[in-house]
Amino acid sequence: MNLTLKIWRQKDSSSKGQMVDYKVTEISEHMSFLEMIDVLNEGLVAKGEEPVAFDHDCREGICGMCSMYINGEAHGPDRGVTTCQLHMRMFKDGDTITIEPFRAAAFPVIKDLVVDRSAFDRIQHAGGYISVNTSGNTQDANSIPISKQAADTAMDAATCIGCGACVATCKNSSAMLFVGAKVSQYALLPQGQVEAADRVKNMVAQMDLEGFGNCTNTGACEVECPKGISLDNIARMNRELMKASI
Amino acid sequence: MALNSKVPKGPIKDKWTDYKNKINLVNPANKRHIDVIVVGTGLAGGSASATLAELGYNVKAFAYQDSPRRAHSIAAQGGINAAKNYQGDGDSTYRLFYDTVKGGDYRSREANVYRLAEVSANIIDQCVAQGVPFARDYGGLLDNRSFGGVLVSRTFYAKGQTGQQLLLGAYSAMNRQIARGKIEMFNRHEMLDVVVVDGKARGIIARNLVTGEIERHSAHAVVIASGGYGNVYFLSTNAMGSNVTAGWKIHKKGAYFANPCYTQIHPTCIPRSGDYQSKLTLMSESLRNDGRIWVPKNLEDVKAIREGSKKPTDLSEDERDYYLERRYPAFGNLVPRDVASRAAKERCDAGYGVNATGEAVYLDFAASFIRYGTEQAKIQGINNPSDAKIKELGQEIVRAKYGNLFQMYEKIVDENPYETPMMIYPAVHYTMGGVWVDYNLMTTIPGCYCIGEANFSDHGANRLGASALMQGLADGYFVLPYTIGDYLADDIRTGKISTETPEFEVAENEVKERINFFVNNKGTHSVDYYHKKLGKIMWDKCGMSRNAAGLKEAIEEISALRKDFWQNVSVPGGANEYNEELAKAGRVADFLELGELFAKDALEREESAGGHFREEYQTPEGEAKRLKEFQFVSAWEYKGEPKDAILHKEPLEYENIEVKERSYK
Amino acid sequence: MSVFSADLFNEVSHFMGTNPVVQFALQPVLIFGVVFHFVMGFILELQNTRARNVSYAKNNGGANSTWMSRNMIWSGIAILAFIILHFIDFWFPEINTKFIQGDWSGTMEGVEGFRYYEELVHKFMHPARVAAYVIAFVFLGLHLAHGFTSAFQSVGAASLRKKLEKVGLAYSIIIPLGFIFIALFHHLNH
């Protein structure tokens, strides 16, 4: 298929960017979206032009590196996928596709489609852990039974890949789904109880400091999340925060 | 220099404990004055960084990704082995040790493997304490599954995302130390050289991938945890950015590179679909617990399926060849990876491949739908369930176990694997070879350590499933933090290492020169052009089976390709900016050297062992033929061109295991 | 009540208008609540707008969320405008009569008995005002359609949010519809 691409090009964080039009031809429907961009870039390199910079690494939907806003949706029109798992069969011959970086004040653009998501790391530094040293003498793993349901729900929250689609998609650029997932994982497990109150307070405070917006419960994040992280995690975080503040 | 593995004396089960008891320690007040650089933040590097920082060392950690959480350990799906014997099925430290040595085709160092098995149980305890949500059964206790090449259930898992959960565990431990200021994190940085001062590793030269700035970083020890070099094949299941650069740079500065030809080709990957493909996708080996692998018995059926006139589900049981069950009745579909991969290649080479490229076999879950469905019907008290009901109940169970993998398959291939068998084909996945290290995990450069997939130590010629995560975390959490102290104990009076020395100056200039060459060369071919060519040579001639003639050709071709690369490579953009093509150029340059050493190593290893299969050395039944005279580690010393590399042999002795024919029949 | 009986409406209106609990306890709480709600709403909106300094060239919000949830600020502003109109219509005159002129009788010259019903009917004679009321209540419906369940989510009761989804929807239709009915009834009957 042949496509027209409208892509955000920005030299570096201090430059002004703009949308630029490109054409790609002979795209196979079996290609992933990133392989389509590879084809575009190969053409650009051959012409001596600078290829479009974009973040990507594992290309199997787990590293959370890819961060494209395609036709007005984070990771494009498919559900439950990252950009690397979005396939060209989702598009039609002759389509025009708009490709932008994830946008949020807390995610400044580094170049083209590459954004800086270190705000997520700093939120985790503020409390995204259980304070246990590596001694090798921790108690036996089976000494605290954890109900299957709690373990599974914690796991569902823990599958977050930190890609930032929730922030990109949210009309408020809120990071509540990301932070809610992390808070939930530990809140659901007995190991996480000791530090629960400080954890949620510190992580939420850091989230606000980073300049993310507030949650108005539009639910867009849950729909666009490639891992299907549930809105329940946001409610759980709200609950944890209230508990911690009282 | 003669190789000294520094394996401690004494009975194997006491070696590690006795050694730890007598090792030099650094007192807490002195640790504050010692810096350690860790390159790579996957399971090995991440766990090592966190633990070293907890101990009190000042850690500088480097990752080329934008966060440690994105290292490719995250993509490991199936699980992590540990000799916990929670299932009461006869597992023990010795059995895990035995399985790993046998699985590695008797080409790994006995003492290292035993230590790995010994600390494996601690890993699970540690990870649970960190809040890793491993799968549990209804009683609230940890669940296990079985993996290839073993007869017990010792694999712990977190759905199909075990690597992700373990990495996030290590990352959370790092976060705690970053918050305390004990780890200084350098994201989007790539190490481009190691700096050796007075014979000791004292720092690195790194490039800031955002600004292009070349930075000097000093430390009292350098730890390389940069993963494997599977991307030398261009197409592999590795992440796009995975590279050998850190390992190769230390090799060029004096670290021996061991067994480069030992590569694991993983049997359950999604087949290649076209030339545009940028990478291959693996599906967990755990699928082989419930899936049966087959190709049609008759070539007419193969033809009909390729033409689309027949569907795989049209073939009766009699018309199918379950070749693993046929050839290896004892282990069946759960033979080790090298055996399963080679068997798939054998069938496809014979013309039985089931897709258009002729490189695919079926992985069929129909039987397990029925098996699980019947069981569920009993549990739920459904009398005389219909076939459809049984299938539905069975699919529910399979969905709960592997739902994410089935979904991934459907997204990529656009076929519903619940209705038609999956197609799979082997793909490059893991490299057992790597930088040579002694028992302390130190390379032949004093003060330079290498851990995780980047080193060669524990898996011999073939790695068993769910052992990579185990090794990465064992090295990082429980081995290196002890052994590095033995070396650093002599450094308590050294003080801060200056970066304003001639050694740093020279290393930085070399790095800058190379970068300037790339951006100024203005050649005719892109970096990917060379990478793809190299990958094709590697796959065709150093792939699942190798022969002397092919390997000789490969050496010539890679050497010529490298020459061409250094004349005609084209890198757009500048040096002092975000430049992905420039970063790739440096990585491919190193792959072009490694690839040749790889072929040379494969040529000189005149036997078949594990992932290294030489066509000249096979049994009449087509199994790998191992030779006693090659019972050694090949450690290569850099001498300029790869062809000039000097071979050092570390003999392998087995005192606690009888070296037998490795049979899974 | 005004639909069923003018007298009953007058009685209740007078009670509400003169009872000290309603006037001096409930009324200020309600006013404070409303003011707090919209001031916070505006601050929230301001922070949220600031959280994205460069907007998307193409954004397909409809793919993942409802119009109501994305436009609470606009439905809210419409309702605020209505409240202002409502105040001008009824509340300011009432305050003027009771607190400034000190007339707590609830009667008016030329009207037999209490004056409230008469005033109500009078206001709803202008079609423009009725239209404004109707539109405002449509916005109230839209505001509630998201706001009702959203409130449960915000206080951490995710399971209640899901259980009460239908109740919320019904609430956000029935209440505004009732008010619309009152406005239309009085307009059409006179």
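The table below gives the values:
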| item | result |
| --- | --- |
| Student exercise, the range A:3-111 dipole from Lys, Arg, Asp, Glu Cβ charges, in Debye to nearest 20 | 380 debye |
| For B:Asp321, distant residues with modelled amide H under 5 Å away | B:Val295, B:Lys297 |
| Sites A:Asp12 and C:Trp67, calculated FRET efficiency, Cβ-Cβ separation with R0 35 Å, nearest 0.05 | 0.40 |
| Candidates per GluC sites (Glu not before Pro) in the range A:196-240, loop by DSSP, up to 15 other Cβ within 10 Å | none |
| Cα centroid of the range B:29-55 to Cα centroid of the range A:101-139, whole Å | 18 Å |
| Percent RCO, i.e. relative contact order, over the range B:1-153, from Cα pairs under 8 Å lying at least 6 residues apart | 17 percent |
| Cα extents of the range B:267-427 along the three principal axes, largest first (Å) | 50, 34, 34 |
| Aspartates and glutamates with Cα under 14 Å of B:Lys639, excluding same-chain neighbours fewer than 8 positions away | B:Glu593, B:Glu596 |
| Calculated Rg and Dmax of the range A:3-111 using C-alpha coordinates, Å | 13.4, 37 |
| Rel. contact order, % - alpha carbon contacts under 8 angstrom, at least six apart, chain B | 21 percent |
| The range B:68-195: C-alpha gyration tensor shape, a/c 1.5 cut-off, then a/b vs b/c | oblate |
| Long pairs among B:Lys253/B:Lys522; A:Lys171/C:Lys163; B:Lys13/B:Lys84; B:Lys159/B:Lys389, criterion Cα-Cα beyond 23 Å | B:Lys253/B:Lys522; A:Lys171/C:Lys163; B:Lys159/B:Lys389 |
| Compactness of chain C - radius of gyration and Dmax, Cα, Å | 19.9, 63 |
| Under Karplus coefficients 6.51, -1.76 and 1.60, residue-wise ³J(HN,Hα) of the range C:88-102 in Hz, glycine/proline x | 5, 5, 10, 6, 4, x, 4, 4, 4, 4, 7, 8, 8, 7, x |
| Cα gyration tensor category, rounded, prolate or oblate, for the range B:156-280 with a/c compared to 1.5 | oblate |
| Contact order relative to length of the range B:267-427, as percent, for alpha carbon pairs under 8 angstrom and 6 or more apart | 31 percent |
| Projected label distance in nm at B:Asn520 and A:Asp198, using a 7 Å step from Cα toward the beta-carbon | 5.5 nm |
| For chain B, with +1 on Lys and Arg beta carbons and -1 on Asp and Glu, the positive-most of B:Asn238, B:Gly640, B:Asn27 along the dipole | B:Asn27 |
| Two-site label geometry, C:Leu46 and A:Arg89: point separation in nm, points 7 Å out along Cα→Cβ | 5.1 nm |
| Average projection area in nm² (convex hull over Cα atoms of the range B:342-410, one quarter of hull surface) | 6.2 nm² |
| Two-site FRET efficiency, B:Glu621 against C:Leu177, from Cβ-Cβ distance with R₀ of 56 Å, rounded to 0.05 | 0.10 |
| Distance between the range B:315-372 and the range B:82-98 - C-alpha centres, whole angstrom | 29 Å |
| Cα gyration tensor, the range B:1-159 - rounded (a/c under 1.5), prolate or oblate | oblate |
| q = 0.06, 0.09, 0.10, 0.11 Å⁻¹, chain B: log10 I(q)/I(0) [Debye, one scatterer per Cα] | -0.32, -0.74, -0.91, -1.11 |
| Electrostatic dipole magnitude of chain B [Cβ: Lys, Arg +1; Asp, Glu -1; Cα centre; debye, to 20] | 940 debye |
| Loop chymotrypsin sites (Phe, Trp or Tyr not before Pro), the range C:87-170 (other Cβ atoms within 10 Å of the site Cβ: 14 or fewer; DSSP) | C:Trp104 |
| Long pairs among B:Lys311/B:Lys391; B:Lys6/B:Lys665; B:Lys252/B:Lys628; A:Lys47/B:Lys279, criterion Cα-Cα beyond 27 Å | B:Lys6/B:Lys665; B:Lys252/B:Lys628 |
| Cα centre as origin, Lys/Arg/Asp/Glu Cβ charges: the range B:458-587 dipole, Debye | 680 debye |
| Residue among B:Leu627, B:Asn333, B:Tyr64 farthest towards the positive dipole end of chain B, charges placed on Cβ | B:Tyr64 |
| Chain A: Cys lacking any partner C-beta under 4.7 angstrom | A:Cys66, A:Cys84, A:Cys160, A:Cys163, A:Cys170, A:Cys215, A:Cys225 |
| Crossing angle, helix B:337-347 versus chain B [Cα axis fit, 0-90 degrees, rounded to tens] | 50 degrees |
| Space enclosed by the convex hull of the alpha-carbon atoms of the protein assembly as shown, per residue, Å³ | 207 Å³ |
| Quarter of Cα convex hull surface for the range C:15-88, i.e. mean projection, nm² | 7.0 nm² |
| Between the range B:254-287 and the range B:423-490, the alpha-carbon center distance in angstrom | 18 Å |
| Quotient of C-alpha Rg and 2.2 N^0.38 Å, computed over the range A:117-245 | 1.05 |
| Förster radius 35 Å - calculated FRET efficiency between B:Tyr94 and B:Ala489, Cβ distance, rounded to 0.05 | 0.60 |
| Shape metrics for the range B:512-630, restricted to C-alpha atoms - Rg then Dmax, Å | 17.7, 59 |
| Positive-end residue of A:Gly64, A:Thr25, A:Ile7, charge dipole of the range A:3-111 with Cβ unit charges | A:Ile7 |
| Computed Rg/Rh of the range B:590-665, alpha carbon atoms with Kirkwood Rh | 1.03 |
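All of the numbers you see were taken from the coordinates with simple rules; none came from a lab. What you are looking at is a predicted structure, and each value in this text was computed from that prediction instead of being measured. Quick reminder, even Gly has a Cβ in these numbers, built from the backbone with ideal geometry, and neighbours come from all protein chains shown.
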